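**Student:** Have a look at this one before I ask anything.
The values are calculated or read from the model by the stated rules, or taken from the named source; none is laboratory data. Fair warning: this is a prediction, and the values are worked out from it, not measured in the lab. So basically every Cβ, Gly included, is an ideal-geometry build from the backbone, and we count neighbours across all protein chains shown.
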Amino acid sequence: MVDPLAAQHALITGAGGGIGLAVTRAYLDAGARCTAVDLGATPPADLQALIASHPQQLQYVCADVTRADSIAAMVASARARFGTVTVLFNNAAVFDLAPLLEADERSYQRIFDVNVKGLFFTMQAVLRQMVADGARGSVINLASQAGRRGEALVAHYCASKAAVISYTQSAALAMAPHGIRVNGISPGVVDTPMWTQVDALFAKAEGLQPGEKKKAVGLAVPLGRMGVPADIAGAAIFLASDASAYITAQTLNVDGGNVMS
């Protein structure tokens, strides 16, 4: 398709790098107007470059998805510039790990505040706007292969991503009468800047050398490598476009064959 998202206004959270940045770039190339959201007062350099090359098509909004007032301001800013948000790429997330008997409330609270509360209330705010404006749109929630199974060192994160899959299903059923589709993407191991942190945490917990965990998980993928952010972008365009018009309540595995469902 030529410009499959030409009529769409996409809001992308966690757009400052990694998967969020790759999807923002892909949505722009597919013709969408985009509101890119992240925590920083100013966009990171790569996002600044995208804004400079797409000044009529892309804006940046600073927002904290753990705060209701910030979410409301984010959606209002998006709507004021480009009209009704018709695609939400709900991507903002954090990661942490610890042995089960050492996992603490601080880590639990941070993970669930961003990955669950932030995702749900961002989705709710955008959906309210779609319904009020009579828009037929698409929400794409970022889950993870970690939401498909437990992991001994990653209990909080796994549970948060399982909640993403469940909320995706419930929201899809609630929104179906409005012609709004809600789906998820479940990436496997993706080589993003966050993996430096993930690798360091596993190295400490498992007594590994830096880089060992990252190499091992890449080799364990059936397709033989870690994913890259651009691997997620194709699925993100598909689920935002009319090519997936009869798909809702699904969470698509994009993981090189790690999970079969």
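**Student:** Here is a list of conditions, (1) surrounded by 15 or more Cβ atoms within 10 Å (Cβ to Cβ); (2) within 24 Å of VAL182 (Cβ to Cβ), and HIS54 meets all of them except one; can you say which number that is?
**Tutor:** Against the list (1) surrounded by 15 or more Cβ atoms within 10 Å (Cβ to Cβ); (2) within 24 Å of VAL182 (Cβ to Cβ), HIS54 comes up short only on (2).
**Student:** Being touching an Asp or Glu at 6+ places or on another chain (Cβ under 9 Å) and charged (D, E, K, R) is the filter here; which residues of the range 41-84 pass it?
**Tutor:** Residue satisfying the conditions is ARG79 alone.
**Student:** I've got another one for you. Against the condition closer than 25 Å to LYS214 by Cα, more than 16 Å from the chain's Cα centre (by Cα) and acidic (Asp, Glu), how does GLU151 come out, does it pass? Steps first, answer last, please.
**Tutor:** Working: closer than 25 Å to LYS214 by Cα: yes; more than 16 Å from the chain's Cα centre (by Cα): yes; acidic (Asp, Glu): yes.
In short, yes.
**Student:** What are the residues in the range 29-81 that are part of a loop (DSSP other than H, G, I, E, B) and polar (S, T, N, Q), if any?
**Tutor:** THR42, GLN56, GLN57, THR66
**Student:** While we're on this one: Kindly indicate which of PHE121, PHE89 is buried (at least 24 other Cβ atoms within 10 Å of the Cβ), touching a residue at least 24 places away in the same chain (Cβ under 8 Å) and within 20 Å of ALA73 (Cβ to Cβ).
**Tutor:** Among PHE121, PHE89, only PHE89 is buried (at least 24 other Cβ atoms within 10 Å of the Cβ), touching a residue at least 24 places away in the same chain (Cβ under 8 Å) and within 20 Å of ALA73 (Cβ to Cβ).
**Student:** Report, by residue number, each residue of the range 34-63 that is farther than 13 Å from ASN90 by Cα and of a type in the set (Asp, Glu).
**Tutor:** Across the range 34-63, the qualifying residue is only ASP46.
**Student:** Being acidic (Asp, Glu) and in contact with a strand residue (DSSP E or B) (Cβ under 8 Å, 6 or more places away or on another chain) is the filter here; which residues of the range 20-39 pass it?
**Tutor:** Here is the first cut: in the range 20-39, the ones acidic (Asp, Glu) are 29, 38.
Answer for the range 20-39, where residues must be acidic (Asp, Glu) and in contact with a strand residue (DSSP E or B) (Cβ under 8 Å, 6 or more places away or on another chain): just ASP38.
**Student:** ALA171: closer than 28 Å to ALA135 by Cβ and in contact with a Ser or Thr (Cβ under 8 Å, 6 or more places away or on another chain), yes or no?
**Tutor:** In short, no.
**Student:** Pairs please, first residue from the range 239-250 and touching a residue at least 40 places away in the same chain (Cβ under 8 Å), second anywhere and surrounded by 14 or more Cβ atoms within 10 Å (Cβ to Cβ) and of a type in the set (Lys, Arg), Cβ atoms under 9 Å, 6+ apart in sequence or on different chains.
**Tutor:** Sorted first by the residue in the range 239-250, then by its partner, the pairs are LEU239/ARG181; SER244/ARG181; ALA245/ARG181; ILE247/ARG181; THR248/ARG181; ALA249/ARG181.
**Student:** For the range 185-261, which helices (runs of 4 or more DSSP H) that fit wholly inside it have 1 or more residues that are over 22 Å from LEU5 (Cα atoms) and outside the structural domain of LYS161 (by TED's automatic domain parsing)? Let's see the steps before the verdict.
**Tutor:** Values: elements: 194-206, 212-220, 229-240.
Output list reads 194-206, 212-220.
**Student:** Collect the residues in the range 141-176 that are among the aliphatic types (A, V, I, L, M), farther than 22 Å from LYS204 by Cβ and either modelled with pLDDT under 95 or surrounded by fewer than 17 Cβ atoms within 10 Å (Cβ to Cβ) (or both), keeping them in residue-number order.
**Tutor:** LEU173, ALA174, ALA176
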